[in-house]
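Before any comments, here is the structure.
Every number here is computed from the coordinates shown, using simple stated rules; none is lab data. Please read all numbers here as calculations on a predicted model, not as lab measurements. Heads up, the Cβs are rebuilt from the backbone with ideal geometry, glycines too, and the neighbour counts pull from every protein chain shown.
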């Protein structure tokens, strides 16, 4: 009889229970935020140099420098200056050069972990003023000591150049940027590392950069 | 007798059915624990190390007419297992790692543009240790330019010299 039918129905009802329904995650936004990822282009998409370009470029250059064996040839960690003094902006885009060199230096200092030493040439006045009683510098020849402290092995230089074109009929703008960065040896002026980063942007938007 | 048995069966089915239909009570007190998601319907939802993953739905799917000359399951007899059933715009042809001269780890991936249009994609990599602990943060997104039907590659080196066992490359469309 119908015990088979009974067992069958029970099995079916059990199977029905086990057949759960998966609730899918809906790809909906969360709460609106004023913050956006600086590594991603925002709503203003122009042809100028933007945060995502600088972040991509500095990250690429830092990884390149730290994987460059010619910099680590000596027994001692090399002393390097990374600042904007010899970094020129010859492009059409308005940009504070320090944002690039500061990001590079910060990233390098954190990542190098003593493999490279970075000199704070910007803070030379800080060391010179130590004889005011704040530090230990007053005990010795301050200027001579400072000069010795700031002896460097390599210094970063470079420039940003660009080619810009505009179609007056359509208003379409196109800009090609070339970032060139180099490390120059203090001994003989030899370029021990050279890196470049290219990007080309096309847009009709008339974004103002400051 | 038969009626009684049928009645018992229907009663039991009814009981099981009620047992299945549980009310969902929303308990809003307390934080929700962060948990890993295991879902048989989404087997690729977990972190797949040592692979390239395409996180952009726009790149994963490519709306075009799919021409099939035989049932899809038969393709295992012709060309191993069917590959890339999702009509992705890009194909990941090769992926690998290497040691750099200073002892860091480098990863590389070769992409092929399957479309007749230029594509710009962005890639980043994360490095993990033996126990899948993150060794360093994700790299910045780097653009890879793919000409129509063309091949290009992505290369990135780790910053740290620590022992790296695994990597995870993410790909998205450049915006």
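Label-point separation (nm) for residue A:106 and residue A:88, each offset 7 Å from Cα along Cα-to-Cβ?
Spacing of the two 7 Å Cα→Cβ label points: 2.8 nm.
May I ask for the distance between the Cα centers of region A:156-210 and region B:82-161, given as a whole number of Å?
Each part's Cα centre sits 25 Å from the other's.
Cβ neighbours within 10 Å, averaged per peptide: list A:153-159, A:92-98 in order, most packed at the top. List each step's numbers first, then the result.
Numbers: A:153-159: 20.4, A:92-98: 14.7.
Sorting A:153-159, A:92-98 by mean packing, highest first, produces A:153-159, A:92-98.
Pull out the extension gain between residue A:200 and residue A:64, defined as 0.36 nm times the separation in residues minus the alpha carbon to alpha carbon distance; nm, one decimal.
Between residue A:200 and residue A:64, full extension yields an extra 46.8 nm.
Figure the gain on full extension for residue A:97 and residue A:165 (residue separation times 0.36 nm, minus the Cα-Cα span) and round it to one decimal in nm.
Stretched fully, the residue A:97-residue A:165 segment lengthens by 22.2 nm.
Over the whole of A:59-68, what's the average partner chain Cβ count within 10 Å per residue? Rounded to a whole number, please. It would help to have the intermediate numbers written out before the result.
Numbers: counts 8, 5, 0, 4, 11, 1, 1, 8, 11, 3.
Mean shielding by partner chains, rounded to a whole number: 5.
How do the peptides B:123-135, A:34-46 rank, highest first, by the average count of neighbouring beta carbon atoms within 10 Å per residue?
Packing order, densest peptide first, comes out as B:123-135, A:34-46.
Between residue B:120 and residue A:125, what is the label-point separation in nm under the 7 Å Cα-to-beta-carbon projection?
4.2 nm
At 0.36 nm per residue, minus the direct Cα-Cα distance, what do residue B:93 and residue B:35 gain on full extension? Give it in nm, one decimal, please.
Difference between extended and current length: 17.5 nm.
Given a Förster radius of 51 Å and the C-beta distance between residue A:35 and residue B:11 as r, what FRET efficiency does 1/(1 + (r/R0)^6) yield to the nearest 0.05?
Plugging the Cβ-Cβ distance into 1/(1 + (r/R0)^6) gives 0.30.
Provide the FRET efficiency to the nearest 0.05 for the residue B:60-residue A:4 pair, computing r from the beta carbons and using R0 = 56 Å.
The formula returns an efficiency of 0.70 here.
Based on the alpha-carbon gyration tensor of region A:47-203 and its eigenvalue square roots a ≥ b ≥ c, which shape applies: rounded if a/c is under 1.5, prolate if not and a/b is larger than b/c, or oblate?
prolate
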